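All remarks here apply to the structure that follows.
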Amino acid sequence: MAGGFVSKHPYLTGGAVLAIIVLFMMLRGGGSSGQTVVAGGTTVDPSVVGAGMQLQAMQAQLASHAQDVAAETRARQDEGVIQLAIAKLNAEQNTLNMNLQTQLASKSLDVQSNLATMQTAMTAQIEGAKIHAQEQAMQLQHADTVAQINATLESAKASNLLMEKVTTSNIELQKQNQELQAATSKALIESNTKLGMEKERTVQKTTGGLCFLTTACCEAMGLPDDCNELETLRFYRDVVMPRHLGKGRALEICTEYKRVAPDIIAGVNRKLEPSEANVFWRAMYHHRILPIVYLVQHQRYDEAFKAYYELVNDHREFATLETESSNSWVEI
């Protein structure tokens, strides 16, 4: 502690030592002055008294200065302690800041990693939801397709059953018609022979008519020229029409039909592909010719003529004839 004081206050220390030496010298030289002071029976050298007083004054100054030095020292020590504390606090703060930055960086990395993981998971969920929605849409579409196919199959089955029934009915009807036609033809021949109308029938055959469209339909169906349908409509043309409409009107209608019908057939075959034309004639056979044959066989002649008349008018668009005479057919 003393070494620290001397090193910090060398001048003060030197002055104190010098004052002590001077006081010592004065004390030793005071006996030769010859001056004495008697006090209480004791003789005292005045120089000694003066030196003592000076020494006391110097001691008081030294004590005061020492107090100041001690106070300054304590202040400096306190300042050093404070500075050390501040330095320590700064070091701790720096350490805390570094730790905090390290923790923040680690947390940031963890947060970024978690966000990336969450984004990946969310993307996977979104893709999964899209795939699920697409699967559901495909399932619904598949279900609709299956339902349509089933409906089509059911319709086809029903159509096949209906066609089988119609075919069976047509076969039976053809058999009945053939039998009826044979019996009717025989009866008519006998009747015509008796009434002298065989010649009239021959004349009406030469006019033709009411067989062109039927012939095209029957050929598409693969039926022979003497099939029940053609024979029935020939009977209607040659026998029923002259009686029912009159010879003149029947001849006029047959002549106009002979001119228009071939042009309709040519137009159909020209405008449609062969396969399409075949489908066209087969459909006409089922939907138009067979009902007319049925009407003739049941002696519903007015309805049969009207149905054939409508058949021709419905297909005049295929004809290329544009003369006035071609329009005479439309008047019943």
Task: Residues within the stretch 295-332 that are assigned to a helix (DSSP H, G or I), at pLDDT below 90 and farther than 14 Å from L213 by Cα, tallied - done: 8
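Quick grid of which residues meet (1) surrounded by fewer than 21 Cβ atoms within 10 Å (Cβ to Cβ); (2) touching a residue at least 60 places away in the same chain (Cβ under 8 Å); (3) farther than 22 Å from Q297 by Cα; (4) of a type outside the set (D, E, K, R):
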site: P224; (1), (2), (3), (4): yes, no, no, yes
site: V240; (1), (2), (3), (4): yes, yes, no, yes
site: G248; (1), (2), (3), (4): yes, no, yes, yes
site: E252; (1), (2), (3), (4): yes, yes, yes, no
site: P262; (1), (2), (3), (4): yes, no, yes, yes
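The values are calculated or read from the model by the stated rules, or taken from the named source; none is laboratory data. It should be emphasised that the depicted structure is a prediction, and the values quoted were computed from it without experimental measurement. Here Cβ is always computed from backbone atoms with ideal geometry, including for glycine, and neighbour counts include all displayed protein chains.
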